[in-house]
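Novice: The structure is given below, and queries will be raised subsequently.
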Amino acid sequence: MRYFPHTAGDVESMLSVVGRHSLDELFSSIPPSCRLEDKLDLPDPMTEWELNDHMNALAAANTTSENGKLFIGAGSYDHFIPASVAALSGRSEFVTSYTPYQPEISQGTLQAIYEYQTLTARLLGLETANASMYDGASALAEGMLMALRLSKKRTIALSRLIHPHCQGVVRTYLAPTDCTIVELPCGTDGRTDLSPLKGRTDIAAVAVQSPNFFGVIEDLETIVGTAKGINALTVASFTEALAYGLLQPPGYFGADIACGEGQSMGIPRIFGGPALGMFASRMEYVRNMPGRLVGVTSDREGARGFVLTLSTREQHIRREKATSNICTNNSLCALIAAIYMASLGGTGLRRLAQLNRDKSEYLKSGLLSRGFRSVFTGQTFNEFVLEAPAGFSRTYRKLLERKIVAGLRMDRYYPDLKNHYLFCATERHSKADMDALLEEVNA
Amino acid sequence: MKEISELNLPDDIHYAEDHEWARWEDETIKIGIDDYAQDQLGDIVFVDLPQPGSRFEKGEEFGTVESVKAVSELYIPLSGEIVAINKDLEDSPELVNHDPYEDGWMIEIKPDDPREYEQLMDKRTYLEMLKGLE
Amino acid sequence: MTEIAGTTGLILNEPLLWEKGKEGREGYSMPRRDVPVVPLDFGAAESSPDIPDLSEIDVVRHYTRLSQWNFGVDTGMYPLGSCTMKYNPKTNERQASLEGFAGAHPLVPEHLNQGILRLLFELQGYLCEITGMDAATLQPAAGAQGELTGMLVIHAYYAAKGERRSKIIVPDTAHGTNPASAALCGFKAAPVASSADGLLTAEAVAALMDEETAGIMVTNPNTLGFFETNLPEIAEVVHAKGGVVYCDGANMNAVMGIVKMGRIGADIMHLNLHKTFSTPHGGGGPGAGPICVKAYLAPYLPEPRIIHDHGEYRLSEDFPQSIGRIHSFMGNVGVMIKAYSYIRTMGAEYLKRASELAVLNANYLKERLKGAYHLAYDRPCMHECVFSDRYQAVRKIKALDIAKALMDFGFHPPTIYFPLVVPGALMVEPTETESKEDIDRLISAFLAIAEQAEENPEQLLESPRKTKVRRLDETQAARKPCLAG
């Protein structure tokens, strides 16, 4: 077995140092009644050649934009990943290191995460960001827990237009607590209807997503104003981080916490994970913020260096009083996002975001001219919901047979939106791809 | 870390088992942590104190003090209402290390029952207790 | 001693990204514009985000230099106790980067992603076989989230029975994540001390276990590196009061193919794929913390679950008692592909051999070092052993100083100051992928440091000397936090 460096001689000489006669005897402290007598029932070991064939076959039985056409996003987006991003983030020294507890030999990870924190804070228009979280859903759940801690209230308001999976995770996290959730419905423009907040004083935080699950850009200015008016915090979430290449960031409007999914920043979709929970807030709340943090300091000779800091908030020290469930970050995904943002720069992010908007507008107008009906009036970024003409569901199924996914059916998530589909187009969808889809829809 | 003989333990204050000190200031009592506690904690990086106006029963946690790698709870040695907190600790938590009894004080309370002060240890009793911890 | 691995090389400085950017540079091949511009008339910012513009070579040099300041398993031995820093096979990386996996979207109809669903389904089965459990979820993104999921499952189990339990027993040797995860579900940790030989006893647990107590969270082998031999009796005590036995599988690397926790009393167990199953740690993540449960807890597992019927794999949300979702999608699938690839490479035979060699390496190291370093408990260990700085502390040399000195010898230090029950702990886990020669070199380094602590302790306080930076001022970082530039 190529992963074991031990020769038979090594094993023998090491056993003699330990004073045992066999490998089996090493386990004599385990009572015989606890020991397994039979062998594990697992498939036989494969050679690397066999494994490659096996995995190639499994991989080929999936649908990607290489063997199909996917016009869906809904929290997992198809963006081009430059070769440089994959090559740099794949470097062994980043990939095979642990959490940087020993800063003197982890400065690479630490500086990279410090830079990631900075770029994230700037992208979201806030003062500080953590070293990342598992995914957009857990970032939102942790954001709600943080708001509950800060406000000492026990009720939160959750927009129905937040990605349904993220809403689900928030509910799972809060289920064992005594917190209650007020649902904010959808208005006719496809934005969150804030009217249930009127007159309430018990709301800890108002959580929305922008662009929301329907792709519509929320009116963060009004949301923050309304939340302030009832002494609640604003938690601005997102699943398409690239939108902030073009949009005013949540911090600009005064949101207290911005948290969401950063998969768009150079991370493959890979069936939804690993992804990247981005999390930013105001400096005044930093001691209540969940997750790891990297800070600047200097070494004993005065050289600049980076360390994990404010770790007293974390589980290994504060145990049951920790501020979060997170004891690791998705460091490698944060690194990818930082490399991606650095490769595009602010200028490139804006250009790419505009291109995403334009691609989806092209697809939208094409569909509208082929019998689809617009339902929401709000402006969208790279996703949008349309009501399909009668008979489209048959076309949809036929397209699926050819690995063309013409949008996401919405009735699964919103039973009242029968025959509605959520479409997405990014820079990866050429005009030719979209024209081909429009042809199919016509037929 | 300091030997017991090296500790600075003033005579005119009283001590609690959890290493807080208390000192009369006319009508009120000032409270902080003593030289032993600050020495054990090492470099203090943050002190979390309650809002003035809040009330605590003797022995209740009124805040926390943090070093780089540890958090310690602060327990109030007498019941009472917080009338003031040391705002300087917000920006300069190191005052607790440098000057635990003067600039590094933490809270000032109006005690419910002044007799509780007498129930705390004097320097001699407290020293005996510390020797027992060795 | 042979030549020391740690030496100095040409280490290049590298400024922060925004110290080297210049507007107008680009490091990205912008796709051709083939559609007209449709400006946003609502919500758009006037200008680009404040992120520096760099050329491709700027970015490449920046991150290549940063990477060279890091120490990883591929650089050298990383005997970090409790973290199982074994070799991360390259073939696993190859498999996970196949476009058929990397490009798969989680929401397309299931029949279009049968390959990936089959892989996940089979992986669940392998993990159940290894742990002796009946059902599994792969959703939790890390060990801590696995624990949280486990606690949520236990909470839901009692809720379904109409019971509310308020406490959970947690040994004093536990990872800090245990009480934290329990607290999020409203369980107060009831600490139980381990006995003088570093083990839990059924008596100590019986004294705490009552109908208010949800059960026990036990790490087996425990963080002292010992197998909890009394687990079957402890489980009996807990089960008799209607409690649940949660097993933290962080140390599963010691007992693969040797013990099935499900057969000796555990009801629920999380695994760390990034420890036991060779997936890389990535500087802190992503990992994966799947949990495996006995059949009676399966109805509470997170949704969606993978179902296999009529030859097809599909996702089902038809589990009314489920705790709901714990992840945006199905968890860290990229990590699962690597763990799957590892298990298929190893099979039953080599997984067991991995555990045997991991235990051999740890016991060998323990025997060779125990004269020079104080051994917290002198008994045969599993895959890791815990020393302390007691002998060196006499010369004012602490665990931290020993750790820093090891860096100059070219080794990553062990875990220090954990478990908390051993003051000045040095927790060493060599893992099975280290050779006798490398372990001998580590031993020599430890011995040289012990000698230096006797003869020249001030020198040790100066270490490390060969690293990119010297010891860093953590107090300054925490007093005046600067978290963004």
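What follows is calculated from the coordinates using simple rules that are stated; it is not laboratory data. The structure displayed is predicted, hence computed values, not measured ones. Don't worry about glycine lacking a Cβ; one is built from the backbone with ideal geometry, like all the others, and counts go over all protein chains shown.
Novice: What chymotrypsin sites (Phe, Trp or Tyr not before Pro) in the stretch A:107-199 are in a loop by DSSP, with at most 15 other Cβ atoms within 10 Å of the Cβ?
Specialist: On the way: sites: A:Tyr114, A:Tyr116, A:Tyr134, A:Tyr173; in loops: A:Tyr134.
Answer by residue number: there is no such site.
Novice: Continuing with this model, one more query. Rounded to the nearest whole Å³, what is the per residue volume of the convex hull around the Cα atoms of the protein assembly as shown? Display every interim value, and only then the final one.
Specialist: Numbers: hull volume 180.5 nm³, N = 1062.
Here the figure is 170 Å³ per residue.
Novice: Over all directions, the average projected area of the alpha-carbon convex hull for the stretch C:1-104 comes to how many nm²?
Specialist: Numbers: hull surface 53.2 nm².
That works out to 13.3 nm².
Novice: Let me ask something else about it. Taking the Cβ of A:Phe71 as the center, what net charge do the other residues with Cβ under 12 Å away carry, scoring Lys and Arg +1 and Asp and Glu -1? Display every interim value, and only then the final one.
Specialist: Details: positive: A:Lys69, A:Lys359, A:Lys364, A:Lys403, A:Arg428; negative: A:Asp78, A:Glu383, A:Asp433, A:Glu440.
Cβ neighbours under 12 Å give a net charge of +1.
Novice: For C:Ile397, which sequence-distant residues (separation of 5 or more, or a different chain) have an amide H within less than 5 Å of its own amide H, given hydrogens modelled in the peptide plane?
Specialist: none
Novice: Mind ranking C:195-205, C:57-67 by how tightly packed they are, going by the mean number of other C-beta atoms within 10 angstrom, highest first?
Specialist: Details: C:195-205: 17.4, C:57-67: 19.7.
Taking the mean over residues of other Cβ atoms within 10 Å, the ranking is C:57-67, C:195-205.
Novice: Let me ask something else. What do you get for GluC sites (Glu not before Pro) in the stretch C:1-93 restricted to DSSP loop and a cutoff of at most 12 other Cβ within 10 Å of the site's Cβ?
Specialist: C:Glu3, C:Glu23, C:Glu46
Novice: Here's another thing I want to ask about it. Which entries of A:Lys198/C:Lys188; A:Lys198/A:Lys364; B:Lys87/C:Lys480; C:Lys86/C:Lys370 show an alpha-carbon separation above 25 angstrom in the structure shown?
Specialist: Numbers: A:Lys198/C:Lys188 37 Å; A:Lys198/A:Lys364 35 Å; B:Lys87/C:Lys480 16 Å; C:Lys86/C:Lys370 23 Å.
Long pairs (Cα-Cα over 25 Å): A:Lys198/C:Lys188; A:Lys198/A:Lys364.
Novice: May I ask for the net charge around C:Gly150, where only other residues with Cβ less than 13 Å from the Cβ of C:Gly150 are counted and Lys, Arg are +1 while Asp, Glu are -1?
Specialist: On the way: positive: C:Lys294; negative: C:Glu147, C:Asp248, C:Asp267.
Around C:Gly150, the charge tally is -2.
Novice: Here's a follow-up. Write out the trypsin sites (Lys or Arg not before Pro) in the stretch B:30-134 meeting two conditions: DSSP loop, and at most 11 other Cβ atoms within 10 Å of their Cβ.
Specialist: Working: sites: B:Lys30, B:Arg55, B:Lys58, B:Lys69, B:Lys87, B:Arg115, B:Lys123, B:Arg124, B:Lys131; in loops: B:Lys58, B:Lys69, B:Lys87.
Loop-located and lightly packed - B:Lys87.
Novice: How much of the DSSP beta bridge set in the protein assembly as shown is antiparallel, as a percent to the nearest 5?
Specialist: Just about 70 percent of them are antiparallel.
Novice: As a check on your grasp of the helix formula, calculate [θ] at 222 nm for the protein assembly as shown: sum -39500 (n - 2.57) over DSSP H runs of n ≥ 4, divide by the residue count, round to the nearest 500.
Specialist: Details: 34 runs with 364 residues, N = 1062.
The per-residue figure over the protein assembly as shown is -10500 deg cm²/dmol.
Novice: Given a 10 angstrom Cα cut-off, can you work out which residue in A:Arg282, A:Arg149, A:Arg200 is the most mobile in a GNM of chain A?
Specialist: Answer for the Gaussian network model of chain A: A:Arg200.
Novice: Okay, next question. Anyone know which of A:Arg428, A:Arg269, A:Arg35 comes out most mobile in the 10 Å Cα GNM of chain A?
Specialist: Highest fluctuation among the options: A:Arg35.
Novice: Per the Kirkwood definition applied to all pairs of different Cα atoms, how many angstroms is the hydrodynamic radius of chain A? Let's see the in-between values first.
Specialist: Numbers: mean 1/r = 0.0411 Å⁻¹.
Averaging 1/r across every pair of different Cα atoms and inverting gives 24.3 Å.
Novice: Longest segment of chain A with no GluC sites (Glu not before Pro) in a DSSP loop having at most 13 other Cβ atoms within 10 Å? Walk me through the intermediate numbers first.
Specialist: Working: sites that count: A:Glu37, A:Glu66, A:Glu301.
Longest run free of exposed loop sites: A:67-300.
Novice: Moving on. Computed from the mean reciprocal separation of all distinct C-alpha pairs, what Kirkwood hydrodynamic radius does the stretch A:336-406 have, in Å?
Specialist: Details: mean 1/r = 0.0691 Å⁻¹.
Result for the stretch A:336-406 stands at 14.5 Å.
Novice: Tell me, what is a quarter of the convex hull surface for the C-alpha atoms of the stretch C:400-483, in nm² with one decimal? Spell out each step's value before the answer.
Specialist: Working: hull surface 30.3 nm².
Hull-based average projected area comes out at 7.6 nm².
Novice: Follow-up. Around A:Gly251, with a cut-off of 14 angstrom between Cβ atoms, what is the net charge of the other residues, counting Lys and Arg +1 and Asp and Glu -1?
Specialist: Values: positive: A:Arg122, A:Arg282; negative: A:Glu127, A:Glu221, A:Asp256, A:Glu284, C:Asp50.
For residues surrounding A:Gly251, the net value is -3.
Novice: Please list, in order along the stretch B:86-103, the HN-Hα scalar couplings obtained from phi with the Karplus expression 6.51 cos²θ - 1.76 cosθ + 1.60 (θ = phi - 60°), rounded to whole Hz, x for Gly and Pro.
Specialist: 7, 5, 5, 5, 4, 8, 10, x, 5, 4, 5, 6, 6, 8, x, 9, 10, 5
Novice: Continuing with this model, one more query. Amide H to amide H under 5 Å from C:Lys188: which residues, 5+ apart in sequence or cross-chain, H placed 1.01 Å off N in plane?
Specialist: For C:Lys188, whose amide H was placed from the backbone, the distant partners under 5 Å are C:Lys167, C:Ile168.
Novice: Could you tell me the distance between the Cα centroids of the stretch A:143-202 and the stretch C:118-136, to the nearest Å?
Specialist: 35
Novice: Please state the Cα pair-distance histogram of the stretch B:26-133 with 5 angstrom bins from zero: what percent is in each bin?
Specialist: 2, 12, 22, 24, 21, 14, 4, 0
Novice: With +1 assigned to the C-beta of every Lys and Arg and -1 to the C-beta of every Asp and Glu, and no other charges, what is the dipole magnitude of the stretch C:92-345 about the Cα centre in debye, to the nearest 20? Each step should come with its number before you reach the end.
Specialist: Numbers: 17 positive and 24 negative charges, 73 e Å.
Here the size comes out at about 340 debye.
Novice: If you wrap the stretch C:92-345's Cα atoms in a convex hull and average its projection over all directions, what's the area in nm²? Walk me through the numbers before you get to the answer.
Specialist: Details: hull surface 53.3 nm².
Orientation-averaged projected area of the Cα hull: 13.3 nm².
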